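These notes concern the structure reproduced below.
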Amino acid sequence: MPRWSELRRKLLVDRHLQGRLILRVVAYWGVYHAALWHAVFLVRYVQHRLQGLSGMEVPSFSDQYVSALRDSQALLVAAALLLPAIVWETLRQSHRIAGPLYRFQATLKALMGGATPAPIRLRRGDLLRSFEQTMNEFLEFYAQRQEDSTDAASPASTNRPKVARTTV
């Protein structure tokens, strides 16, 4: 298993989570640009049809469509050139979720293996801070319960009175 410091440098921490997120963003990007371009074309098409009502010659639908594609080539190229930046930023932001999830998963596996893991400290900028706090509270609770069950099992503990513990 790779060390945590090595895993932080990986491009994809969780291929399934991050891959699906990136694919979804790319799909939304494609749908957005297709819808936007077709909306602009539709406005242009309606304008030409209205000009036809005043007696002007109206180009065919296919001629207008090809003309609109030619006229907006620079916008389509600019959108395509921005896609890698959008994918990269999506990947960066997904690390802020996938990294903490990996840490939580590793901590849970350590607990199942019988270890007593240290409290989790997420990196600056990571998301899931409220879950970090809850997980650390659970680790403290679990460690206390383990300690209490060890104390109860030892013969010397039967003579000591139980003291209620409070946490702040």
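Quick look at the values:
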read-out: Segment 108-117: number of residues that are in a loop (DSSP other than H, G, I, E, B), surrounded by 10 or more Cβ atoms within 10 Å (Cβ to Cβ) and not hydroxyl-bearing (Ser, Thr, Tyr); value: 2
read-out: Some residue of segment 17-24 being farther than 28 Å from residue 78 by Cβ and polar (S, T, N, Q); value: no
read-out: Helices (runs of 4 or more DSSP H) wholly inside segment 1-81 that include at least 3 residues being loosely packed, with under 14 Cβ neighbours inside 10 Å and either modelled with pLDDT of 90 or more or in contact with a helix residue (DSSP H, G or I) (Cβ under 7 Å, 6 or more places away or on another chain) (or both); value: 15-53, 61-71
read-out: Total residues in segment 99-119, condition touching a residue at least 12 places away in the same chain (Cβ under 8 Å) and either under 22 Å from residue 16 (Cβ atoms) or touching a Cys at 6+ places or on another chain (Cβ under 6 Å) (or both); value: 8
read-out: Selected residue (criterion: nearest to residue 106 (Cα to Cα)) from residues of segment 118-131 that are charged (D, E, K, R) and either at pLDDT 95 or above or outside any helix (DSSP H, G or I) (or both); value: 121
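The values are calculated or read from the model by the stated rules, or taken from the named source; none is laboratory data. The structure displayed is predicted, hence computed values, not measured ones. Reconstructed Cβ throughout: ideal geometry from the backbone, glycine too, with neighbour counts over all protein chains shown.
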